[in-house]
Structures are given as structure tokens and as C-alpha cells.
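Bear in mind these aren't lab numbers, they're just calculated from the coordinates by the rules spelled out. What you see is a predicted model, and the numbers here were worked out from it, not measured in a lab. Backbone-built Cβ (ideal geometry, glycine too); neighbour counts: all protein chains shown.
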Amino acid sequence: MLTGALVVSSGMARAKEPPAAAVVNRAALVALTARAKETGSDSVIVYHNGEELLDYHSSKPAEPIYLMSATKSVVALVIGVAIAEGKIKSIDEPVYDFFPELKQGRKKLLTIRQVLSMTTGLQHIGLGAEIYATPDSVKMALAAELQTTPGAAFSYNNKSVNLLAGIVRIATGEPLDTYADEKLFDPMGFGMWRWEHDNSGTPNAFADLALLPKDFAKIGLLVIHRGQWQGKQLVPESWIDQLGLQSQPYEPLYGLLWWRLSDHATGIVSRKHLDDLLAGGVDPKLIARLRPLVGMPVHSLSEWHRLLSAAVPDWEARTTIPGLIGPYGDDIPTWRYDSFDGLAAEGSYGQYLVVFPKLGLVAVRQIEPFDDFKFMQNRFEDFPDMVRRLLSDEATR
């Protein structure tokens, strides 16, 4: 067991004595702390069975940090509360119940479930630039054309998630941030927090919530305790269970605005897939550098990212080439997932909240958004894997 305190230059890490029943991998905890520093993390916090195991933080003053897309996972909890209170009938309620103008054409097929599962079929461009350019993010989503029939395909869509902010306002009579504070943040004793609004005064549901690291971790503790906080059921157990189920038949890693973590995955880069990318317009020089990876099995996204970075060190500069699938090349291997053991709220730049219920682990990693866009170096993509290894036999205890 790890005892005493770890002190890291330009940052501090406090490791408490683990609970007696835990067998914590000491080497893995030291490695996690070192990686936190190496990647410029502002905070890494780990709880095991409700006890604080690690509290690493940089020398910056403690302030709320934007969760980026991990905001979506908090919004999913708020939706669960609204359903429990009868404000929303169910996730299969049509969106036109709240916005009657959608009761026409294929848009009348839109449901809240499809918004939560990224299967709306609504047109979207890029990650967030077009949203920030509009004065009203909900109206933008309502006006979006359909690219596919609702429910027919998975497509990660920031624009469509903003519909949830409008739905919550209409269903509860309160803005999303006010309702979230009343039902979750205040009962859980949150400190400072911020939630940015568009010019219409609507909180952005797809991102823009900023929390202190300890409060972000409380979200994970709420999930691992199946919606209960200090003896009070804030979110229904049944809703917590739904978050971690595959929400649609197209993307096994996605639940309801939460990512599912697999503890046994295998990815293979096929020659045909690279040929298809080449035919789709991807730079032939890039494809040539990926050819040596054909047939090589990888067992996690972090392992794939390491191989990708070694094969194509300037990968970040290549991601804007037409025809390239996925900003981190995650769609290049064909993946098979045999089992799942956790949930994750994830955001740009490497914001993470990971929950491993069977291991009793909750962990947060936060970093202030940076300007150099060194994603592979700083986004700490192996964070979930390193947290999982805290209770493994992969290194000497």
C-alpha cells in the first residue's frame, strides 16, 4: 500500500492511506501521478470506495475548469431528474411535444432518446464553431436540415444536444443551469461553478459548464452510488443504469450522453480500410505511413494512439484532410468490444470523469484549454486505462 505523501515539482499530489480492503497497485499510482504532470494536468483526483486515494493539482489557483463535451454527461443526469419528476414523460417522448413546429415531415420522428444517443440525423458542421456563431443555439438546432432519418445512424452532434436546454426550460419552467443547481449542484454542496450562455440567455448543453475538480468528481460519486447522495436519491437508480447501456445499434461505445469503457477490446487495421481512405482522398503519403500497422492488433484506444503518434508524428496537422475519419484516427482500426466495465464523461483537451463501478473507482482529470493543440501529448488519452490499472496486478505493488 502507498503511504505518506507524494511531492512533485510544479505540482502537488497527496495520496491518502487506501482503505484496508483495497489492494492498490503502488507502481500504477506513482505512474498515474507522473503522467498527470507530464501531460500538464491541472488536477487529477481518484476515489476508491468513496475514500480519496489521490489528489494531484498544479500550482495554479483552484478555479472552475470547463468540462467541454463532458458537460453533456451532466445534462444527461438533469434529464433523468426531469423524467423522475414527471416534467418529461420519457426519453421516447417526441421533441415536437416541446416544439410543435417539428410536427411535420421526418422531423416529427425526433425523440429525446435520439438526442441523448446521437441519432437525430440532424445536419451539423465541425465541433462547435457554428454554434458559437449563432445568437440562439436552440433555434439553430430546430432549423437544421435532416441528413438521415432520425434513429437511422450514429453521428456525434453538438448542435442537436442543445435541444435539451430548450426542452428543460419548457418542461420545468426553469433554465437548464438553474434547474441543475436546484436538483443537483446545491444538494451536493458544489462550490464555484459557471455555465456559459448563448446570446438568447440559454445555457449551452453541448459544453461550457465549468466545475471545480472536486465537484466534477462528485458527479462520478453520484453515479457510482446509483444516484444517491448522502442518503438522498437525487437521480433514479433506473436512470443511472440506462446511462451505461448501449443506446443504439451503431456505436457500441455510446450510452446516453456517456461513453462506455471497454476492458477487453481488439482493433485491427485492415488493408481494405486504408485502400478505401486512399480512394476517398486521403493523402497517399499518410496512407503509406500507416501501411506497416496493417494486421497489427491493438487492445485499447491509448495503445492505438501511441502507435499512430509513432507512425505519423504530425497527425494533428493531418486531421483536416478531406476524407479522413475521426480527429484522432479512432475509426481506422476495426474494433471488437467483448466486455465493458465503466463509464466516462469526456471533453476536448482531455477532460475526463471515469467511473468503474465494480472496482469502486472514480477519477477526474482536468486541464485548462490550451492553445498549442498538442492533442496527442496533452489530452492524456490513456487516463481511463491508467486508472483501471490502479487495482491490477500489472506492476509490483
Any idea how far apart ILE170 and ASP338 come out in nm if each label point goes 7 Å out from Cα toward Cβ? 4.7 nm
Mind checking the full-extension length gain between GLN123 and ASP97? Use 0.36 nm per residue of separation minus the Cα-Cα distance, one decimal, nm. 7.2 nm
Full-extension gain between THR148 and GLU85, please, as 0.36 nm times their residue separation minus the C-alpha to C-alpha distance. 19.4 nm
Of the listed values (i) 18.6; (ii) 21.5; (iii) 19.6, grab the one calculated as mean projected area of the Cα convex hull in nm² from the structure here. (iii)
Pop a pseudo-label 7 angstrom from the Cα along the beta-carbon direction at both LEU278 and ARG194 and give the gap in nm to one decimal. 4.9 nm
Roughly how many whole Å is it from the C-alpha centroid of segment 171-210 to that of segment 50-76? 16 Å
Rounded to the nearest 0.05, what FRET efficiency do ALA31 and ASP136 give with R0 = 41 Å and r taken as the Cβ-Cβ distance? Could you check? 0.30
Which value in deg cm²/dmol, rounded to the nearest 500, describes the helix-derived mean residue ellipticity at 222 nm for the chain, given -39,500 (n - 2.57) per DSSP H run of n ≥ 4 and division by the residue count? -8000 deg cm²/dmol
Two-decimal Rg/Rh across segment 50-203, once Rg and the Kirkwood Rh are taken from alpha-carbon atoms: 1.00
Sparse-neighbourhood loop sites, trypsin sites (Lys or Arg not before Pro) in segment 54-107 - DSSP loop, at most 16 other Cβ within 10 angstrom: LYS89, LYS103
Hey, got a sec? Which GluC sites (Glu not before Pro) in segment 77-156 land in a DSSP loop and have at most 11 other Cβ atoms within 10 Å? GLU145
Entries of LYS214/LYS358; LYS72/LYS107; LYS72/LYS285; LYS232/LYS358 with Cα pairs more than 25 Å apart: LYS72/LYS285
At 7 Å along Cα-to-Cβ for each site, give me the label-to-label distance between LYS108 and ASP241 in nm. 3.4 nm
